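Right, one structure below, let's go through it.
The values are calculated or read from the model by the stated rules, or taken from the named source; none is laboratory data. Keep in mind that this is a model prediction, so the values were computed, not measured. Here the Cβ positions follow ideal geometry from the backbone for every residue, glycine too, while neighbour counts run over all protein chains shown. Just the protein is used for accessible areas: all its heavy atoms, side chains included, with ligands, DNA and RNA removed. Shrake-Rupley method; radii C 1.70, N 1.55, O 1.52, S 1.80 Å.
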Amino acid sequence: MSEKLTVSATLDSLKTITEFVVNLAKSANLDKKKIYKLRLAIDELATNIISYAYTESNGEIILESKISESSIEFKIKDYGVAFDPKTKLESEEETIDIPLEERQIGGLGIFLAFDGVDEFSYERIDDQNINTLIIYR
């Protein structure tokens, strides 16, 4: 089973994205903990796209899902500025052991998000960012 959602890259779209993800995850019979982690990861990616991908105009976020017997997969696509979240993940992992009082506010969103999915990949194809997240059922 596969579904697709295209929304404007605006903060107002986050609720629609969340509903799409949660409804599909429930239909795939994911447990509540996995649904929460998947929603968190996709929300973090979508928020970064909204905040940074389209510098001169609003664009779109395209979500595609695929449910199989063994997993649920989401692809999050945009035509914004090239950005591989794994590069940010590496810098966040470097700061994870710094005491809280010495850290800057924020900065662990990508780490926390992708810590909860089973697989994550990024690729840039034809001016499009494609983030793929997989959670096993």
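Scanning the range 1-13 for residues that are in a helix (DSSP H, G or I) and open to solvent by less than 30 Å² (accessible area, probe 1.4 Å) yields a count of 1.
Being closer than 19 Å to residue 120 by Cα, in a helix (DSSP H, G or I) and open to solvent by 50 Å² or more (accessible area, probe 1.4 Å) is a property that residue 52 lacks. Within the span defined as the range 23-31, every residue fails to be within 26 Å of residue 81 (Cα to Cα) and either modelled with pLDDT under 95 or buried (at least 19 other Cβ atoms within 10 Å of the Cβ) (or both). Close contacts from the range 1-29, counting a first residue that is under 14 Å from residue 72 (Cβ atoms) and a second that is open to solvent by 60 Å² or more (accessible area, probe 1.4 Å) and among the acidic types (Asp, Glu), with Cβ to Cβ under 8 Å and a gap of 6+ residues or different chains, come to 20/3; 24/3.
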